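The values are calculated or read from the model by the stated rules, or taken from the named source; none is laboratory data. Here the structure is a predicted model, which means the values were calculated and not measured. So basically every Cβ, Gly included, is an ideal-geometry build from the backbone, and we count neighbours across all protein chains shown. The area values use the complete protein model at the heavy-atom level, side chains included, leaving out ligands, DNA and RNA. Shrake-Rupley method; radii C 1.70, N 1.55, O 1.52, S 1.80 Å.
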Amino acid sequence: MSKDAILGAIRRGLKRGPLPADQQAMLAGRLASHPRHLIPARSRLPRPDQVALFVRNVEKEFGTVERVPDLAAVPAALAEYLAAQNLPSRFVLAPNPDFEGIPWTDRPLLTFERRRAQASDQVSLQHGWAGIAETGTLMLPSGPGRPTTLNLLAETEVVVLRASTIVGAYEEAWDRLRAESHDVRSGGFMPRNIMFVTGPSRSADIEQTLELGAHGPRRLHVILVDDDAAALPPGDATPPPPVAVPGGPAAPGD
Amino acid sequence: MVAITSPAFKENAARALADPGLQKALGTAKGAFLQRRAQAVANLPEFEQLRNIGRDIKNHTLANLDFYLEAYESKVKAAGGQVHWCSTADDARAAVLEICRKAGARTVTKGKSMISEELGINAHLEAHGIRPVETDLGEYILQLRQEHPSHIIAPAFHLNREDWEADFRRLHTDLPPDRVFHERRDILAEARTKLREKFLAADVGITGANFLIAETGSSVIVTNEGNGDLTQTLPRVHIALASIEKVVPTLEDACNMLRLLARSATGQDFSVYTTFSTGARREGDLDGPDEYHVVLVDNGRSNMIGTEFQEMLRCIRCAACMNHCPVYGAVGGHAYGWVYPGPMGSVLTPSLVGIEKTGLLPNASTFCGRCESVCPVKIPLPGMMRHWREREFERHLTPAAQRTNIGLWAWFARRPTVYRWATRAAIGALGLLGRGKGAFHSLPLAGGWTKGRDLPVPEPGGTFMARYAKARRGQRV
Ligand code: SF4
């Protein structure tokens, strides 16, 4: 009843009845073709610069990034990061098929469980689905291999992201999702939940002053796997990552 | 619904101007959002174009709102969710209560939601034996203090750090009373620990929604703390409260709005968490709610369609208008007497609760035009306040009431605090935009003025009054 009342009031305000069929078809066409709007020029860059922009933006938003050559280098990178931060070597691991080949036995001190996260977990290792260079944002769609709780409950979230999945703008990531994802329940492409994460959690509720570490993770660390030859910085396969000052501009003139 | 004290605006405002604690808090907050917004906007050359597109997307959606709401509902259903259409606040409260009861809920966690404030969800749940727990840091302390938000994105805008410490000591009695809060971080850490228990114990999680997406049936929340995500992920049932004008057609449309929202609100390029929820837990998922409900609320909005106030429904609740408003900056949010303060509240509140009780609000303005110049969807706020005043005249107000309203405008115009705030804030923002340039060749909304001449960039150091005050302070110490 409320539904009819609301739709009726809207139509009265618009001084018309339900839309005629041809206009409905036009709007349905707009939904189906989902036209893009203006995409800011800042992320329209050659691949190496796009990945570098992603890294700078993560750092600008108080995250950290380490670039490694392949998945085999993940255990060492993780072990060293955890040691440097004085964190335990126990973590909850996303049960993601992409992680199957990681040689964890290289670092026998690392221990993990493949499951959703619990309140007592201090460290989570999440699988990154895409990175968005425009704002240094991780795109993390939920699913059996990427539980949402891994983004929320641990104090430290480490995300393993393939450089080949970094795109310039959000719209490119949506198009990839439309092409690759099939949700059985809805018949569409949206999983239950998609989190876009830009840096560790924070609050400015106390005197409008930014403090890191609100309810979500206090630290966000990205292990970036350089699986995309075209995205490597030219001339040198493993240069030190460009450094951006947290909270400062990500690019000159930015 | 929250009690309306807008008829007492002038008394509220006078009290606010004389409240040293509030004036200190407003003074601390002053400029923080302005500078960050100006910086974020300066860093995105396309911002002005994005504003025009944002306005057009919203206008297109409102002109076809019936179609997009039905399209949205069908997608929510397909993803295993339910939409509860609610004409009035009563309907919405009843719908929320029924979902909570069916879930056997004893405690409910809540993400920050202005529509929840508008509907008075907390009081309704409490009256029926269900305990709502606010989890946004600002909302949490307000719930402890039994107060309402004074700002739509920073609910505890009116509080100082000492207020936080005193309240935490008073109410977290299980912790050592002599503990020390060295830094703001310590306050945050205590709230985090306290709320963790609540997130884990809750039966239902209630969030708002910044956007609804017709293409996919998704609701979107935008937060920095992560409390909204914990609220909607951990309990067995998730309720998203959303008003009808939150819908946009596609993900691409949402992206354009998201590029505007965080920059206009907190001056971030993107908030920490932007989360799209679509239906209930899927087979194989290891977490997430089993039930997903959207309580879709009208509560007076459909009546604005087709009127001179329709454009107000473009509002994305970024708060830029109040952050830049000299009246808000001088008296804070509570003086406005209802849920929505500042310029957007002065237009929206009369539309939602009636002009009879809120006729003073459209006069709470210096008509400086800054709200319109920063609004990401270009809502002509001063023009709409003027519309409300014209309606008041058409309604044949009693001469006494008329005098009060005109008196209020004059009262504000005479307030040096208000005007000093306005000039100082404007100079700060202009200085930032024109930094290193020496002069402006064009200025938003001042095209007529800058066409034939350049406006010099203000000197660093602020207005004469500010520099004078600073110098005097300097002599004293
Ligand atoms: S009226 Fe405009 S500036 Fe004010 S909150 Fe709404 S969108 Fe933001």
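Would you check which residues across segment B:330-358 are assigned to a helix (DSSP H, G or I), over 19 Å from residue B:14 (Cβ atoms) and either near the ligand (Cβ under 8 Å from one of its atoms) or free of Cβ contacts under 8 Å to residues at least 40 places away in the same chain (or both) and list them? B:343, B:344, B:347, B:348, B:350, B:356, listed by residue number. For segment A:60-76, the criterion of a residue being touching an Asp or Glu at 6+ places or on another chain (Cβ under 6 Å) and part of a strand (DSSP E or B) is satisfied by at least one position.
A quick yes/no check of all residues on (1) modelled with pLDDT under 85; (2) open to solvent by less than 10 Å² (accessible area, probe 1.4 Å); (3) farther than 30 Å from residue A:216 by Cβ; (4) within 13 Å of chain A (Cβ to nearest Cβ):
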residue	(1), (2), (3), (4)
B:290	no, no, no, yes
B:296	no, yes, no, yes
B:305	no, yes, yes, yes
B:330	yes, yes, yes, no
B:343	no, yes, yes, no
B:347	no, yes, yes, no
B:351	no, no, yes, yes
B:361	yes, yes, yes, no
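Look at (1) open to solvent by less than 40 Å² (accessible area, probe 1.4 Å); (2) part of a loop (DSSP other than H, G, I, E, B) and you find that residue A:119 fails only one, number (1).
Condition check ((1) of a type outside the set (D, E, K, R); (2) out of contact with any Lys or Arg (no Cβ under 9 Å at 6 or more places or on another chain)) across all residues:
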{"residue": "B:55", "(1), (2)": "no, no"}
{"residue": "B:83", "(1), (2)": "yes, no"}
{"residue": "B:95", "(1), (2)": "yes, yes"}
{"residue": "B:110", "(1), (2)": "no, yes"}
{"residue": "B:126", "(1), (2)": "no, yes"}
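Among the residues of segment B:370-403, just one is open to solvent by less than 20 Å² (accessible area, probe 1.4 Å), away from the ligand (no atom under 12 Å from the Cβ) and modelled with pLDDT of 80 or more, namely B:388. Of the residues in segment B:265-276, at least one is more than 9 Å from chain A (Cβ to nearest Cβ), within 17 Å of the chain's Cα centre (by Cα) and surrounded by fewer than 22 Cβ atoms within 10 Å (Cβ to Cβ). Collect the residues in segment A:1-50 that are more than 7 Å from every other protein chain (Cβ to nearest Cβ), part of a loop (DSSP other than H, G, I, E, B) and basic (Lys, Arg), keeping them in residue-number order. Correct list: A:16, A:44. Taking (1) facing chain A (nearest Cβ under 10 Å); (2) crowded, with 24+ Cβ neighbours inside 10 Å in turn, residue B:185 satisfies each apart from (2).
Residues that are open to solvent by less than 30 Å² (accessible area, probe 1.4 Å), within 30 Å of residue A:22 (Cβ to Cβ) and not small (Gly, Ala, Ser): does segment B:42-60 have at least one? Looking for residues that are open to solvent by less than 30 Å² (accessible area, probe 1.4 Å), within 30 Å of residue A:22 (Cβ to Cβ) and not small (Gly, Ala, Ser), one finds at least one in segment B:42-60, hence yes.
Across segment A:147-158, the qualifying residues are those that are out of contact with any Asp or Glu (no Cβ under 8 Å at 6 or more places or on another chain) and surrounded by 24 or more Cβ atoms within 10 Å (Cβ to Cβ), and the one among them that is farthest from the other protein chains (Cβ to nearest Cβ) is A:158.
Taken as a whole, the structure leaves residue B:230 outside the set of residues that are surrounded by 24 or more Cβ atoms within 10 Å (Cβ to Cβ), of a type outside the set (Asp, Glu) and more than 7 Å from chain A (Cβ to nearest Cβ). Applying the set (1) touching a residue at least 60 places away in the same chain (Cβ under 8 Å); (2) surrounded by 24 or more Cβ atoms within 10 Å (Cβ to Cβ); (3) facing chain A (nearest Cβ under 8 Å) to residue B:249 leaves exactly one unmet item: (2).
Screening residue B:338 on (1) aromatic (Phe, Trp, Tyr); (2) open to solvent by less than 10 Å² (accessible area, probe 1.4 Å); (3) closer than 23 Å to residue B:147 by Cα shows it passes everything except condition (2). Being within 26 Å of residue B:148 (Cα to Cα) and β-branched (Val, Ile, Thr), is that true of even one residue in segment B:9-28? Yes, segment B:9-28 has at least one match. Pairs meeting the criteria (first residue in segment B:286-309 and farther than 25 Å from residue A:118 by Cα, second residue assigned to a loop (DSSP other than H, G, I, E, B) and open to solvent by 20 Å² or more (accessible area, probe 1.4 Å), beta carbons under 7 Å, at least 6 apart or on different chains) are B:298/B:87; B:299/B:88; B:306/A:15.
Selection of segment B:359-377 for residues being of a type in the set (A, V, I, L, M) and outside any loop (DSSP other than H, G, I, E, B) yields B:361, B:374. Among the candidates A:89, A:142, the residue that is among the small types (Gly, Ala, Ser), more than 15 Å from the chain's Cα centre (by Cα) and open to solvent by 10 Å² or more (accessible area, probe 1.4 Å) is uniquely A:89. Taken together, the residues in segment B:169-192 that are without any contact (Cβ under 8 Å) to a residue 24 or more places away in the chain and within 16 Å of residue B:134 (Cβ to Cβ) amount to 3.
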